[in-house]
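Visitor: Could you have a look at this structure, given as structure tokens, before my questions?
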Amino acid sequence: MKSSIQQILDIILSAEFSRFPVYKGRLDNIEGLIHVKDVIPYLIDNKEFNINKVIRKPFLVPELASLDNVLLQMQETANQIIIEQMKENEEDENRCQE
């Protein structure tokens, strides 16, 4: 989460998406999301950029959530991106390896 406004702009222009995950350390450690429309004012006004002011909380969904419930929650909250929460314990890892 230590990207400069120029680094973020380069990513936005090369990827052609409007929403981007923000992670800390590892790609699977999602801290939140950045929407392009939240970054534009910093570019226009040449204001000092602080990623913590534009990061949005991620919409986290349990790994075993039913699709019907997830879609209903997405409609109710107007979220367009979900992030699946995966359990990280030995029991789950062993089950996946069997």
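Visitor: Name the residue that is modelled with the highest pLDDT, counting only residues in the range 39-93 that are of a type in the set (Val, Ile, Thr) and surrounded by fewer than 12 Cβ atoms within 10 Å (Cβ to Cβ). Outline the logic, then answer.
Guide: As a first pass, look at the range 39-93 and keep what is of a type in the set (Val, Ile, Thr): 39-40, 44, 51, 54-55, 61, 70, 77, 81-83.
Applying the additional criterion that residues be surrounded by fewer than 12 Cβ atoms within 10 Å (Cβ to Cβ) yields 44, 77.
Working: ILE44: 82, THR77: 77.
Checking each candidate, the answer is ILE44.
Visitor: Follow-up question, since we're still on this one. Show me the helices (runs of 4 or more DSSP H) entirely contained within the range 1-63 in which 1 or more residues are over 28 Å from GLN73 (Cβ atoms).
Guide: Working: elements: 5-15, 36-45, 51-54.
Here the list reads 5-15, 36-45.
Visitor: Of the conditions (1) more than 10 Å from the chain's Cα centre (by Cα); (2) surrounded by 11 or more Cβ atoms within 10 Å (Cβ to Cβ), ARG19 clears all except one; give me its number.
Guide: (1)
The values are calculated or read from the model by the stated rules, or taken from the named source; none is laboratory data. Bear in mind the structure is a predicted one, so any value in this text is a computation, not a measurement. Neighbour counts are summed over all protein chains in view; Cβ atoms, including those assigned to glycine, are modelled from backbone coordinates with ideal geometry.
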